[in-house]
1. Have a look at Leu83, Leu19, Leu5 and point out the one that is in contact (Cβ under 8 Å) with a residue 24 or more places away in the chain and over 20 Å from the mean Cα position of the chain (by Cα).
2. Specify which of the listed residues (Phe439, Phe407, Phe388) is aromatic (Phe, Trp, Tyr), in contact with a helix residue (DSSP H, G or I) (Cβ under 7 Å, 6 or more places away or on another chain) and within 16 Å of ligand 2 (Cβ to nearest atom).
3. If we keep just the residues of the stretch 144-203 that are under 22 Å from Pro367 (Cα atoms), of a type in the set (Asp, Glu) and in contact with a His (Cβ under 8 Å, 6 or more places away or on another chain), which is surrounded by the most Cβ atoms within 10 Å (Cβ to Cβ)?
4. Can you name every residue in the stretch 357-371 that is assigned to a strand (DSSP E or B), of a type outside the set (Ser, Thr, Tyr) and either under 20 Å from the mean Cα position of the chain (by Cα) or not assigned by TED's automatic domain parsing to the domain that holds Ala343 (or both)?
5. Would you mind stating whether Thr415 is out of contact with any Gly (no Cβ under 6 Å at 6 or more places or on another chain) and within 16 Å of ligand 1 (Cβ to nearest atom)?
6. From the residues in the stretch 107-145 that are assigned to a helix (DSSP H, G or I) and among the hydroxyl-bearing types (Ser, Thr, Tyr), which one is farthest from Cys41 (Cα to Cα)?
7. Do you know which residues across the stretch 201-228 are part of a helix (DSSP H, G or I) and touching a Pro at 6+ places or on another chain (Cβ under 8 Å)?
8. Given (1) basic (Lys, Arg); (2) assigned to a strand (DSSP E or B); (3) free of Cβ contacts under 8 Å to residues at least 40 places away in the same chain, where does Lys349 come up short, assuming only one miss?
Amino acid sequence: MQPILDYLAANEPRFVSELCDYVRFPSVSAQSNHSGDVRACAEWLASHCTSIGLTAEVHKTPGNPVVVARTARARGKRRPHFLVYGHYDVQPPEPLELWKTPPFEPTVVGRKLFGRGASDNKGQNLAHLKAVESYLKTGTELPCDLTFVIEGEEEVGSKSLAGFLKANRRTLACDAVVISDTGIPSLKHPALTYGLRGIAALEVRVDGPSRDLHSGIYGGSLDNPAWVLCQLLGGLRDARGRVTIPGFYQGVEPLSRFERRQLARLPFSEVAYRKFLGVPKLSGESGFTPIEQRSARPTLEINGLTSGYQGQGSKTIVPAWASAKITMRLVPGQLPQKVLQYAVAHLKKLCPPTVRLTVERGHCGDPYLVSPSSEMAQAGLRALQAAFQRPPLLMREGGSIPIVNDFKRILGVDTLLLGLALPDDNLHSPNEKFDLDSFALGSRMSALLWPELTAAVGK
Ligand code: BES
Ligand code: MN
């Protein structure tokens, strides 16, 4: 391993400048005016993969391309095969005025690299690519075959990836998937993530009068859509922070003592957390710790809320409509489609006959949970320990990577989640950054992982 670790250390400045090149592409999948940038980013990534010694192609899909890069297969030998998944698309950078440095002009300050996508997910997938480069460029034989699948639609629901997996089931057949697209509590607390929440999205719209009306002349004689929407949303949760949609908690598996103990081992200070979030007091479902609330319990969040006049000054109207964007985060046992059905039924029941209600169902993703004691998980924990030189923890994440369930369904394999993002990386927020120590340790971890995982497959 030493030549590999030396190579990683010696080439670090170049790796950082390559990450800057990668982050410079505004590969925003949610915004159609960036589709050219998305494609250019895929092309750059594929040629970067070629330059480090992989065979790479930009694979067309009905949406954004998938970059596929492989190591050369050892002749005559059937070796374990692992898939490394990541995404090169990024969240929109808005609101731009809150960025201290422009989102697509990557800027290194000390050991932090600022830019949209630096952590989610370009830095994390590049860390794996640099690990493979270190094998290939030092002439060290990899113990296994690797295929990188780096897609361009993760931030908008991975619509093309399942089709891509099905169409390429044979060449993608593998022993396990490895993903670094989650977080760890700190560089002193490396962790393996064994669970992700699922997601179910919907949009609620309340229509009232055929146009905005003078609120003095007409107000009082008809229902106000903004009021009705507030009442509807208010009826979705109770004072104890529980979601009140009948059936919502159906099937939710209770947390085992083992799990509660693992989650309680994660570093956490209520005061520091509250300050970090900028809220005067924390709030959540009663009976659970904040870590449990945000990673292992289901929730319903309002992501967007719109009605009436939003401009400067006052405008006295009864708005013609009101709407809200909602996502529910789900845990094992819950079925996204069922939960959506329950939510729609409940909203319909709550809605008065004075307005017209439309509920549009959005994207869905199943929750994910794997055993942290499998041979694969143990291999991951050993690689974390060796790279970070600290005992790794076990954690669950509140975020979602719906595609992991497609890996299970279509390729029949489990996913090892080895995230490298830190809590203050500002994912999806202004001033996103990636920690360069996390980048370096992540590359080491990846390099050390392949022998461990290869050995685990045999067991
Ligand atoms: N990388 C995140 C997911 C994530 C981040 C999981 C941190 C755990 C910890 C991913 O890019 C993401 O944001 N996913 C979306 C999925 C959605 C668009 C279906 C999410 O969780 O909101
Ligand atoms: Mn991501």
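The values are calculated or read from the model by the stated rules, or taken from the named source; none is laboratory data. Just so we're clear, the structure is a prediction, and the values are computed from it rather than from any experiment. Ideal geometry is used to build each Cβ from the backbone, glycine not excepted, and the neighbour counts take in all protein chains shown.
1. Values: Leu83 fails: over 20 Å from the mean Cα position of the chain (by Cα); Leu19 fails: over 20 Å from the mean Cα position of the chain (by Cα).
Result of the check over Leu83, Leu19, Leu5: Leu5.
2. Values: Phe407 fails: in contact with a helix residue (DSSP H, G or I) (Cβ under 7 Å, 6 or more places away or on another chain); Phe388 fails: within 16 Å of ligand 2 (Cβ to nearest atom).
Only one candidate qualifies: Phe439.
3. Applying the filter and picking the extreme gives Glu151.
4. Let us first name the residues in the stretch 357-371 that are assigned to a strand (DSSP E or B), namely 357-365, 368-369.
Filter once more, keeping what is of a type outside the set (Ser, Thr, Tyr): 357, 359-365, 369.
Those that are assigned to a strand (DSSP E or B), of a type outside the set (Ser, Thr, Tyr) and either under 20 Å from the mean Cα position of the chain (by Cα) or not assigned by TED's automatic domain parsing to the domain that holds Ala343 (or both): Gly362, His363, Cys364, Gly365, Leu369.
5. Details: out of contact with any Gly (no Cβ under 6 Å at 6 or more places or on another chain): yes; within 16 Å of ligand 1 (Cβ to nearest atom): yes.
So Thr415 passes the test.
6. Here is the first cut: in the stretch 107-145, the residues assigned to a helix (DSSP H, G or I) are 118-137.
From what is left, the residues that are among the hydroxyl-bearing types (Ser, Thr, Tyr) are 119, 134-135.
Values: Ser119: 16, Ser134: 23, Tyr135: 25 Å.
Within the stretch 107-145, the match that is farthest from Cys41 (Cα to Cα) is Tyr135.
7. Initially, the stretch 201-228 is screened for residues part of a helix (DSSP H, G or I), giving 225-228.
Listed by number, the residues that qualify are Pro225, Ala226, Val228.
8. Only one criterion is unmet by Lys349, namely (2).
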